[in-house]
Amino acid sequence: ASAQVTLKLAHAAPASDLQQTLSLFFKEQVEARSNGSLKVNVFPQGQLGNDAQMIDGTRSGIIDIEMSGLNNFTGLIPEAAAFTLPFMFPTREIAYKVLDGDVGQGVSKQMEEFGLKGLGYPENGYRNVSNNRGPIRVPEDLKGLRMRVNSSKALNDMFDMVGANPQQIPVAELYTALETGVVDAQDHPIGVVQSFKFYEVQKYLSLTRHAYSPLALVMNLNKFNGLSAEEQKIITEVSAEAVAMQRELSIAKEDEMIATLEAEGMMVNRDVDGAAFQKAVKPVWRNFIKENGDTLINAILEAGM
Amino acid sequence: MRQLSIWLWQFIDIIMAVLLAAMILLVFANVVLRYGFSSGLRPSVELSRLGFVWVVMLGAVTALRRGEHLAVTELADRLFPRAVPFLRKAIWLVILVSVWMLFWGAAKQTLANWNNISPLTGLPSGLFYLAGVVSGALMGFVALFNLFGPLNKPDDEAQE
Amino acid sequence: MTLLLFLSVLLFSIFLGLPVAFALLLAAMALMLQMDLFSADILAQSMINGVDSFPLLAIPFFLMAGEVMASGGLSTRIVRLATALMGHRKGGLGYVAIFTAVLLAGLSGSAVADAAALVSILYPMMKKAGYPEAPSMGLLASGGIIAPVIPPSLPLIIMGVAGNISIAKLFIGGIVPGLIMGMALIVVWTVIMRKEDVEVAPKADRSERLAALKDGVWALFLPVIIIGGIRFGVFTPTEAAVVAAVYAIAVSAFIYRELTWHSLFRMLVQSARTTAMVMFLVGSAMVAAWLITVAQLPQQLAELLGPLVDSPKLLMATIMVIVLMVGMVMDLAPTILILVPLFMPIIKLAGIDPVYFGLMFVINTSIGLITPPVGNVLNVVCGVGRVPMSTAVKGVLPFIAVYLMLLALFVAFPSIIIVPMKILIG
Ligand code: NA
Ligand code: NA
């Protein structure tokens, strides 16, 4: 391909987020290594739509590359929800091993049925609970909390089971809802708590690490296949490097961000009874297996050994 | 034929009223449940968004038929009244092209998302785009009807 | 060049009589052709996705509340009360409207929803009392755009996220400029009413006032429920709109007994139709916004600003002019999302207070909601009030002029915003 190809890369995170760092790295490297035959324009902050809309757009080809939480793909690939099940990955290393190995590749392969080329799995880190009532040490501490939960069925089930009162509130309205008290708790990875400024309206952060939150970097399959072999190689290589860099930064910045949140006045609770939580939410796994089978769960557990 | 179209427009009105009433009930029930019963309706937000999209897209058809979409017609009427009947035709042509694109693009997305099942409602997310398909098709008929209907003289319009 | 193409197609087709929603689509198509990405997918997806928004659900619900209040007996009682209290003054209903606008601004974060509520409730009353069409419309539209400035405010939240600014500080900082906007409206309205010859009711005596108050207390209770409900976290602003609708239905059905099943159906249909007209336009604006974003028009704009970093006030003034121009054709949220991240680095470099900048930006884009040719609040008030666009445009002009003077004042003396903000934050 001698003509210049311009790629639109979209994500929904604020410009201060690591997703933007990854995007800019991707842009810089792809443009440099292709000697300008590939150009990348980055559209952060949901400028081209929210997560679901960016996925639709990338499938139809009006967006070329997008990055969003893997949980947004579970409507198309229900089994992929296994990655976001509560307490699926005890450590990040295991998560990386599984996502970069055969299991993750299998999901990427499935994405091709929907017109998507999987380029890799960056991360948002682990989800943690914040609230205004007190530290969360054991599952009972969640009882009665009005809690905003995302669209993941597993997480809704989980907070239902421990006696919280899960509520559907769009992220855009969450800050106000927390401030006025429509809901008194929420769960997100640390980076989101910082970039959406939830620390201004939440007193307690408890490091429950109850679910790993992988991102997916995907490209329109036809667009990818239309590139020269050399260009495809550049895209794949730069993606792998970008994902590795983003994960490293994600780990490195987590402690830093927690310290910042503490400086902003949040009470951070590190004393969480993980075993008690895992026991309490075991039925979530059973529900998942009942609906989707246990192939992927077992594959993840095996690969993680 | 005439009876059929009267029946169709009434049917659309009824659907819109029912959807809007259902949205009010859903969101209100969720507020009551949250405070009165410490629970909630998991699908209520998504269902009301879906209802909203359908109300808007169906209502857009009604608005097109009734000539209620906002427009600045005074200027052309005053500056070149003789050209107005032909301008109207050109306008309906632009509308026809727009709603064809809406129909076609939405149809593709409906099919692409028919297997994209929302975890909270169990419904295909293609239902959102289906509203665009139905709306685009109906608006297309309205546009065709007006495009190939009789050429209105500006005087007729003024006397309405 | 691309911006010029977009604007000329948009304006030209609007002036030839193409409905504004379709003019936006045509202008978007022109951009598609120019960028060589003509695609039905872009149009269909951006439109459906633009319409699919939970916060905007407040529109049909507030419209429904307004419809019910209008024909279920609540509005007439408020008119009676307002007339009893302020009717003997010249332009009394206008002051009621301004007071209501500021009150509503404290209830909801959406200018479009507020304007819809204001017009659907107050415009019929003003019309009935013989107020001139254009200035009444202008007042109500201008009152509606106070909503995004006074908290709660969705645009301020978007601003906080897009510009990495404290949302709490933006909220607190918005109170004073919002109130100043309300006072500016009082001044303009007083001047306009001096020339107008509106029927003035005889002054009501004490017992008449009390009777009107007693009769209208159920209607007056509605804002209390909304304010209290949002302030104390019983519901979100979107839910508040539903609560308002349910409350209005309950009062007119069970207390005033002026509601029938048939009229309820008619009101539902009417709210749905008005909602559709407004939201179809929002959807079309989203299609245009998507293409403006992809064409990277704003980036080209921001590059030109580099040399102004050394003179903050001049930079601020320039940015305000640019935002005003963009706001003429674009909606508030996309303007914020696209421009703020671009301006932010320059703002910090020039040493301008980010919270002050964020507030100025939101005030400016809010004014954009009532500036022709594309202003969502303008569209809403025309749709809900069923008046021609030209009347509304004529009506808002004096208010826009005064708002622009305020903006200039805030550029010249930033401390008008910054000092009270710092005092309130403590
Ligand atoms: Na407000
Ligand atoms: Na405008």
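Annotations
- Check on C:I180, within 16 Å of C:N364 (Cβ to Cβ) and in a loop (DSSP other than H, G, I, E, B): no
- Only residues that are among the aliphatic types (A, V, I, L, M) and open to solvent by less than 20 Å² (accessible area, probe 1.4 Å) were counted in the range A:4-41, giving 8.
- Boolean, C:G351 is more than 16 Å from ligand 1 (Cβ to nearest atom), surrounded by fewer than 24 Cβ atoms within 10 Å (Cβ to Cβ) and more than 19 Å from C:L407 (Cβ to Cβ): yes
- Residue in the range C:22-39 that is at the interface with chain B (Cβ under 7 Å from one of its Cβ atoms), over 21 Å from the mean Cα position of the chain (by Cα), open to solvent by less than 10 Å² (accessible area, probe 1.4 Å) and at pLDDT 80 or above present: yes
- Test: residue in the range C:269-284 that is under 23 Å from the mean Cα position of the chain (by Cα) and open to solvent by 20 Å² or more (accessible area, probe 1.4 Å): yes
- Options C:P148, C:P155; residue that is within 16 Å of ligand 2 (Cβ to nearest atom) and in a loop (DSSP other than H, G, I, E, B): C:P148
- Selection count where residues are within 27 Å of the chain's Cα centre (by Cα) and facing chain C (nearest Cβ under 8 Å), scope the range B:31-49: 3
- A:A81 facing chain B (nearest Cβ under 10 Å) and touching a residue at least 24 places away in the same chain (Cβ under 8 Å): yes
Results for (1) more than 14 Å from chain C (Cβ to nearest Cβ); (2) at pLDDT below 90; (3) surrounded by 22 or more Cβ atoms within 10 Å (Cβ to Cβ); (4) assigned to a helix (DSSP H, G or I), shown as yes or no for each residue.
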{"site": "A:M158", "(1), (2), (3), (4)": "yes, no, yes, yes"}
{"site": "A:E179", "(1), (2), (3), (4)": "no, yes, no, yes"}
{"site": "A:V182", "(1), (2), (3), (4)": "no, yes, yes, no"}
{"site": "A:H188", "(1), (2), (3), (4)": "no, no, yes, no"}
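- Answer from B:W9, B:W54, B:W114, B:W100 - the residue that is more than 7 Å from every other protein chain (Cβ to nearest Cβ), open to solvent by 10 Å² or more (accessible area, probe 1.4 Å), in a loop (DSSP other than H, G, I, E, B) and touching a residue at least 12 places away in the same chain (Cβ under 8 Å): B:W114
- Within the range C:141-175, the set of residues being within 27 Å of C:P345 (Cα to Cα), within 11 Å of ligand 1 (Cβ to nearest atom) and more than 9 Å from every other protein chain (Cβ to nearest Cβ) comprises C:P148, C:V149, C:I150, C:P155, C:L156, C:G174, C:I175.
- Restricting attention to the range C:202-257, the residues being of a type outside the set (A, V, I, L, M), away from chain A (no Cβ under 14 Å) and in a loop (DSSP other than H, G, I, E, B) number 5.
Yes/no per residue for (1) within 15 Å of ligand 1 (Cβ to nearest atom); (2) within 14 Å of chain B (Cβ to nearest Cβ):
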position	(1), (2)
C:I42	no, yes
C:Q45	no, yes
C:A58	yes, yes
C:A65	no, yes
C:V68	no, yes
C:L81	no, no
C:A84	no, no
C:G106	yes, no
C:L139	no, no
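- Qualifying positions in the range C:336-389 - within 13 Å of ligand 2 (Cβ to nearest atom) and hydroxyl-bearing (S, T, Y): C:T365, C:S366, C:T371
- Failed condition for A:G144, given (1) open to solvent by 10 Å² or more (accessible area, probe 1.4 Å); (2) assigned to a loop (DSSP other than H, G, I, E, B); (3) in contact (Cβ under 8 Å) with a residue 40 or more places away in the chain: (3)
- The one condition in (1) farther than 26 Å from A:P122 by Cβ; (2) in contact with a strand residue (DSSP E or B) (Cβ under 6 Å, 6 or more places away or on another chain) that A:R270 fails to fulfil: (1)
- Per-region count, the range C:7-21, residues facing chain B (nearest Cβ under 9 Å) and either touching a strand residue (DSSP E or B) at 6+ places or on another chain (Cβ under 7 Å) or open to solvent by less than 40 Å² (accessible area, probe 1.4 Å) (or both): 7
- Tally, over the range B:62-74, of residues that are more than 27 Å from C:L11 (Cβ to Cβ) and more than 7 Å from every other protein chain (Cβ to nearest Cβ): 0
- Residues within the range A:207-221 that are at pLDDT 95 or above and either part of a helix (DSSP H, G or I) or among the small types (G, A, S) (or both), tallied: 2
- When C:V119, C:V102 are screened for being of a type in the set (A, V, I, L, M, F, W, C), at pLDDT below 90 and farther than 26 Å from C:K214 by Cβ, only C:V119 passes.
- One residue from A:L296, A:L261 being of a type outside the set (G, A, S), farther than 30 Å from A:E28 by Cα, part of a helix (DSSP H, G or I) and modelled with pLDDT of 90 or more: A:L261
The values are calculated or read from the model by the stated rules, or taken from the named source; none is laboratory data. All values reported here derive from a predicted model rather than from experimental measurement. For neighbour counting, all protein chains shown are included, and Cβ atoms are generated from backbone atoms with ideal geometry for every residue, glycine included. Ligands, DNA and RNA are excluded from the accessible area calculation, which covers all protein heavy atoms including side chains. Shrake-Rupley method; radii C 1.70, N 1.55, O 1.52, S 1.80 Å.
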